[in-house]
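Beneath this line is the structure, given in structure tokens, with notes to follow.
The values are calculated or read from the model by the stated rules, or taken from the named source; none is laboratory data. Note that the structure is a prediction, hence the values are computed from the model and not measured. FYI the Cβ positions are ideal-geometry reconstructions off the backbone, even for glycines, and counts take in every protein chain you see. Quick note on the areas: whole protein, heavy atoms, side chains included, nothing else; ligands and nucleic acids left out. Shrake-Rupley method; radii C 1.70, N 1.55, O 1.52, S 1.80 Å.
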Amino acid sequence: MQISGAEILVRSLQEEGVEFIFGYPGGAVLEIYDAIFRQNQFKHVLVRHEQAAVHAADAYSRSSDKVGVALVTSGPGATNAVTGIATAYMDSIPMVVISGQVPTPAIGMDAFQEVDMVGITRPCVKHNFLVKDVTELASTIKKAFYIAKTGRPGPVVVDIAKDVTQAKHEFSYPDSVQIRSYVPVTRGHPGQIKKAVGLLLEAKRPYIYVGGGAVQGNAAAEVTELVRLLGVPCTNTLMGLGAYPGSDRQFLGMLGMHGTYEANMAMQNCDVLLAVGARFDDRVISVPSHFLGAPKKIIHIDVDPSSIAKRVKADVPIVGDVKHVLAEMLELLRASSQRPDAQALAAWWQQVEAWRDRKSLWYQPSDELIKPQHVVQTLYEVTGGNAIVTSDVGQHQMWAAQYYKFDRPKQWLNSGGLGTMGFGLPAAIGAQLANPDATVACITGEGSIQMNIQELSTAKQYHTPVKVLSLNNRYLGMVRQWQEFFYGTRYSESYMDALPDFVKIAEAYGHVGMKIENPADVEPAIREAFSQKNRERLVFMDFRTDQSENVFPMVGNGKGLDQMDLPPHMREQGGEAADRDYGNLC
Amino acid sequence: MRHILSILLENEAGALSRVVGLFSARGYNIDSLTVSTTEDATLSRMTIVTHGSDEVIEQITKQLNKLIEVVKVIDLNESEHIEREMMLIKVRATGKEREEMKRMADIFRGRIIDVTEKTYTIELTGTSDKLGAFIEAVDRSVILETVRTGASGIGRGERILKI
Ligand SMILES: Cc1cc2nc3c(=O)[nH]c(=O)nc-3n(C[C@H](O)[C@H](O)[C@H](O)COP(=O)(O)OP(=O)(O)OC[C@H]3O[C@@H](n4cnc5c(N)ncnc54)[C@H](O)[C@@H]3O)c2cc1C
Ligand SMILES: Cc1ncc(C[n+]2csc(CCOP(=O)(O)OP(=O)(O)O)c2C)c(N)n1
Ligand SMILES: [Mg+2]
């Protein structure tokens, strides 16, 4: 039987097991929306802005093993989606974005709502397609999902001309797909794997650095086993948080620009570094020449060869899927009679503990001003460390990463590579739909939340009871911090004047709003927000936090990992620091 | 250093822009680029001449391989290869210059393929260096127009790039 292209699309999505699609209608996709109306296998989530549709689909992927799907119309719908697509691309998140296009005869005619979506998104997708022929629609959708989720994952855009959605054709969905020019590697080279194990066993100061590839590649169990078997310290990147349990002793915290003192010092001073699905980002190692100034052997596992030797040359490059490669390393280790050098390891740990004893995440508590770090710590305690946490971009994002100890992968969702303000709330909605029973919290700032605040409406419509914790410092705080440190406290356009009454905004959208101004109220407020009473409600918490608080440690521009700007208490000399009660860190 | 990359890619709309877009987006150089279909109509063969450090060339090769439509990439510099470029050059050919131009074309094994009272159009094939040498050898003022195809390359001997 011949069915329309729109129906073919819908059937294809059903074949892919799609549960939700996040989208927004318009002229070029009317046919598709009609086909969606006439089916009931998957649910459509109507967002309030296409950027949010893409972030929600992205977070749906990030927090599950499925591939999120977004649907937007041509022209402005498509361009609104671009930020979301680039966000997913930078963090290697699998996703399929379907955009409407003007009918094929109108392409190139400057038609109403025509943009070259394939051209615009080419640099920020893993791949994209323009479908101009209905006979190719089903196989293109099959390819799109396959490409999105295999190899190094990434977003795939399928731009579909309107006449294709109207044309008729038989539906047959391919069982499998073969693309001769695309053959992702999974297994690593056995010789290289053996070499890597040898290096790790001989190391005097070994260190394991784990990134987003281990989270996306579902390799947390293998990472954990390897770290424990070797008895070595471990760090995660911002994207890797949760790949190794954040509350474990062998975990030194996040590394990088706002990493802990011990994580960064160990990175600089290790002699053998195992990098697992991490890409030596500039926010992680800062200046490559300084990083390599302290000699070390580097083993680098990545499924994408272009991530290897891009910023830092590897001594033992291993191209392959982390899960496979680590499993093989574990097997070799278990079979080997050789054990790590216990004496060297003990000395290394002693050094690491000395760094850790400097308590780089300690902050001066206050009875008068709400410390943002304290809000995150309280959230951690109240949610028992179990919440899925999304964030926006800024200081609050860093405090979330530093003070919430993520024990599970896919529990922490944020925009690391693109750093997209406005990600947090739509991401929380997507994550809640993917994980209906989970507690979902969104840690945001008063700047970021206003970039997609309209999604409070989506949250109402689809009953996603996420809890929004806005660390409201009345500043674009991260910008203010840089201006304080590097621009002589000239706070150019970083003060947020004329802020709205967020409690009223929340209430106007039909949610619960709370304003918290005293440190003593932080815990009771969070307890109330997460209590049974508010189980089904979205609660927006507007915390008036200390405006002058900065994120420490900080590796400034052009500085090495061991040249961090340290928090005030670490800059003090002598005995005073030693006597301090670090109780608030535990 | 100058490298000559040979790329086999799907003969699909947009594949060329992906390659070109990659070079501009990542700040790589393109000295020349040629592309056409092969004996297999589903495949295109592209030759890109670029330059950069070994690290840059390695990244270029890896990034090209990452493009879904790219089937294979080889760096012809890695072993012996042949490269050819064609140039069509229109020169002024009047008076005693007419004889001189004919002589130059012969020396460079070029062929005069179009003749008017005042001009010659010469077809010249060879390495890019040889074409450059021809341009250097003739008086600049007589050159009216040059069209170069950019280099195409192929490995020597048994070495082939195929799927
Ligand atoms: C305000 C701000 C501050 C920041 N500060 C920091 C900071 O202090 N510290 C920090 O770490 N980051 C920080 N970032 C984030 C930073 O910009 C990068 O996004 C991040 O460091 C990259 O993480 P990653 O190296 O784990 O790579 P990802 O971007 O997660 O990339 C994953 C890598 O793994 C590979 N991969 C994917 N799947 C697999 C698989 N199955 N098998 C093998 N390999 C795979 C990919 O090819 C890729 O190379 C900050 C961002 C912002 C916005
Ligand atoms: C879309 C976008 N625009 C601009 C920036 C640059 N930027 C990074 S952090 C930041 C400030 C964020 O302010 P807020 O959300 O209040 O968070 P805070 O740093 O105060 O915690 C800005 C403007 C960005 N990351 N994203
Ligand atoms: Mg702020």
Residues of segment A:113-131 buried by at least 50 Å² on assembly (accessible area, 1.4 Å probe, chain alone as reference): A:Arg122, A:His127
Computed label-point distance, nm, for sites B:Ala13 and A:Tyr173 using a 7 Å Cα→Cβ extension: 2.6 nm
Cα-based helix-to-principal-axis angle, B:54-66 vs chain B, degrees rounded to 10: 70 degrees
Probe 1.4 Å - accessible area at A:Tyr89, Å² to nearest ten: 60 Å²
Heavy-atom accessible surface that A and B bury in contact, both chains counted, 1.4 Å, Å² to 100: 1500 Å²
Length-normalised contact order for segment B:2-78 - Cα pairs under 8 Å, 6+ apart - percent: 48 percent
Those lysines that a straight Cα-Cα span of less than 20 Å connects to A:Lys132, excepting residues fewer than 8 apart in one chain: A:Lys142, A:Lys143, A:Lys162, A:Lys168
Residues in segment B:86-118 reached by a label modelled at B:Ser141 [backbone nitrogen below 15 Å; 7 Å Cα→Cβ]: B:92-98
Net charge contributed by nearby residues that have their C-beta within less than 13 Å of B:Thr119 (K/R +1, D/E -1): +1
Prolate/oblate/rounded call for segment A:2-170, Cα gyration tensor, a/c under 1.5 rounded: rounded
Alpha-carbon Debye profile of the protein assembly as shown, log10 I(q)/I(0) at 0.04, 0.06, 0.10, 0.11 Å⁻¹: -0.20, -0.44, -1.07, -1.22
Cα gyration tensor shape for segment A:190-357, rounded if a/c is under 1.5, else prolate or oblate: rounded
Set of lysines near A:Lys504 by C-alpha distance (under 28 Å), chain-local residues within fewer than 8 positions excluded: A:Lys371, A:Lys460, A:Lys467, A:Lys515, A:Lys533
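Quick one: with all protein chains in place, what share of the accessible area of chain A is carbon or sulfur, to the nearest percent (1.4 Å probe)?
Of the solvent-accessible surface of chain A, carbon and sulfur hold 50 percent.
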A:Gln2-B:Asp106 pseudo-label distance in nm [points 7 Å out on the Cα-to-Cβ vector]: 6.9 nm
Per-pair calculated FRET efficiency, R0 = 45 Å: A:Arg334 and A:Tyr582 via Cβ, rounded to 0.05: 0.70
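For A:Lys195 and B:Glu117, what is the calculated FRET efficiency with R₀ set at 60 Å and r taken between the beta-carbons, to the nearest 0.05?
After rounding, the FRET efficiency stands at 0.25.
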Anisotropy class of segment A:343-397 from Cα gyration tensor, a/c 1.5 cut: prolate
Long-range tail of P(r) for segment A:383-530 (Cα pairs > 25 Å, %): 27 percent
Potential lengthening between A:Asp565 and A:Lys43 on full extension [0.36 nm per residue; Cα-Cα distance subtracted]: 183.0 nm
Reachable lysines from B:Lys96, criterion Cα separation under 27 angstrom, eight or more residues apart if same chain: B:Lys118, B:Lys130
Chain A, relative contact order [Cα under 8 Å, separation at least 6], %: 14 percent
FRET E, pair A:Ser548, B:Ser53, Förster distance 60 Å, beta-carbon r, rounded to 0.05: 0.85
Shielded by partner chains, segment B:39-84 residues - at least 40 Å² of accessible area, 1.4 Å probe, vs chain alone: B:Gln59, B:Lys62, B:Lys66, B:Ile68
Segments A:509-515, A:93-99 sorted - mean Cβ within 10 Å per residue, highest first: A:93-99, A:509-515
Amide H contacts under 5 Å for A:Asp407, placed H, 5+ residues apart: A:Gly246
Residue-level accessible surface for B:His81, protein heavy atoms, 1.4 Å, Å²: 50 Å²
Surface accessible to a 1.4 Å probe, per residue, for the residues of the protein assembly as shown, Å²: 42 Å²
Chain A - share of DSSP beta bridges that are antiparallel (%, nearest 5): 5 percent
Residues in segment A:181-198 occluded by at least 40 Å² - accessible area, probe radius 1.4 Å, against chain by itself: A:Ser181
DSSP H segments from chain A that extend 24 Å or more along their own axis, Cα-based, with Kyte-Doolittle mean of -1.0 or above: none
Of all accessible heavy-atom area on segment B:2-78, the percent that carbon and sulfur account for (1.4 Å): 51 percent
